[in-house]
1. Please state the relative contact order of region 182-284 as a whole percent: Cα pairs under 8 Å, 6+ residues apart?
2. Full-extension gain between THR114 and ALA69, please, as 0.36 nm times their residue separation minus the C-alpha to C-alpha distance.
3. Per residue of region 106-119, in order, report the coupling 6.51 cos²θ - 1.76 cosθ + 1.60 (Karplus, θ = phi - 60°) as ³J(HN,Hα) in whole Hz, putting x for Gly and Pro.
4. Hey, can you grab everything whose amide H is under 5 Å from the amide H of ALA147? Only 5+ residues off in sequence or another chain; H modelled, so Pro and N-termini drop out.
5. For PHE164, which sequence-distant residues (separation of 5 or more, or a different chain) have an amide H within less than 5 Å of its own amide H, given hydrogens modelled in the peptide plane?
6. Find the relative contact order for the chain and round it to a whole percent, using C-alpha pairs within less than 8 Å whose residues are 6+ positions apart.
7. Put a dot 7 Å past each Cα toward the Cβ at ARG126 and SER31; how far apart are the dots in nm?
8. Highest first, please rank the peptides 253-263, 183-193 by the mean number of other Cβ atoms sitting within 10 Å of their residues.
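Every number in this text was worked out from the coordinates using simple rules, so none of it is lab data. These numbers were taken from a predicted model, which means no experiment stands behind them. Note that each Cβ is placed from the backbone with ideal geometry, even for glycine, and that neighbours are counted across all protein chains shown.
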Amino acid sequence: MISLSMRHLKYFDALARLGHFGRAAESCAISQPALSMQIKELEELVGAPLVERGARQMRLTGLGEDFAARVRDILSAVDDLADLARASQQRLTGRLRIGVIPTVAPYLLPGIITALGEAHPGLDLRPREAVTGRLIEDLLAGRLDTAIVALPISEPSLEEVALFDEDFVLVRAPEDAGKPVPDPAELRQMRLLLLEEGHCFRDQALSFCKLSPSVARDLMEGSSLSTLVQMVGAGIGVTLVPEIALPIETRSAQVSVAQLPEPRPRRTIGMVWRRSNPLGPQLSRISATLSTAGIAAHAKARFAPASTAPRDDLAGR
């Protein structure tokens, strides 16, 4: 066992997480045969099989499952040691693994990269876009340093800092501009387009319209806000989007945009990180930088014309 290396542990962790030799090799930036060789070498060092190899799939053995849990703890502890050393420095430098949810990333990520690059020139930013559940899982496992998500997360082990608030708006066909804005009860009777399951924005839209998940399964779904807006432009239905998405998503779609009646739906975008992370004070300072960037982007979304599409009662706000 003394011959075990960090390389063995990182490769095995990738395989355990992804459940596929090809995807694990890709994530480790090595060839699949090289990964297979490293896993085989690890099994020889351990003295027992860790992976059950099948013709079409692989699964961990019982020992492999236990081994994977211990490996995650070891890799997380090693990352914490590195973070502890970085926390002692005056300036935050080096790798920063930051997750962002898909309904924020395309609209805020360019500003985040610019703002952090100016405020912390020594940072090596490693952004990752994924749905909230995956980001929180990776954050708790130590695979991310911080994440930008919709609050609250309500996980006791995570620190939450709000960055900005924003309203949801209704996107509908251009010929509907000027028509009365439907209330939640009326929206339930319309062809409402939603993001697919796994997106927190989907759950927030369902909550506003008071729709149950079972009913939602019969509604039309899209993989991104861009897809939903394009579907509205094609006359398929209506959808809700966050204000921050308007400048980009209405640029190429002929739609109208309307503010929803009070109490209108809104969300709080915030930054979260593990309370045990030694970089906590530095991440708090970063959140202040991102709050400024987020508010600036939000203001641009609210007040700058996004396109020539009718904007209903949002015009001139």
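1. 27 percent
2. Working: separation 45, 0.36 × 45 = 16.20 nm, distance 3.68 nm.
Length difference between fully extended and current span is 12.5 nm.
3. Calculated HN-Hα couplings, in order: x, 9, 10, 4, x, x, 4, 4, 5, 5, 6, x, 6, 7 Hz.
4. Correct list: GLY99, VAL272.
5. ILE269
6. 21 percent
7. Going by the 7 Å Cα→Cβ label model, 2.5 nm.
8. 253-263, 183-193
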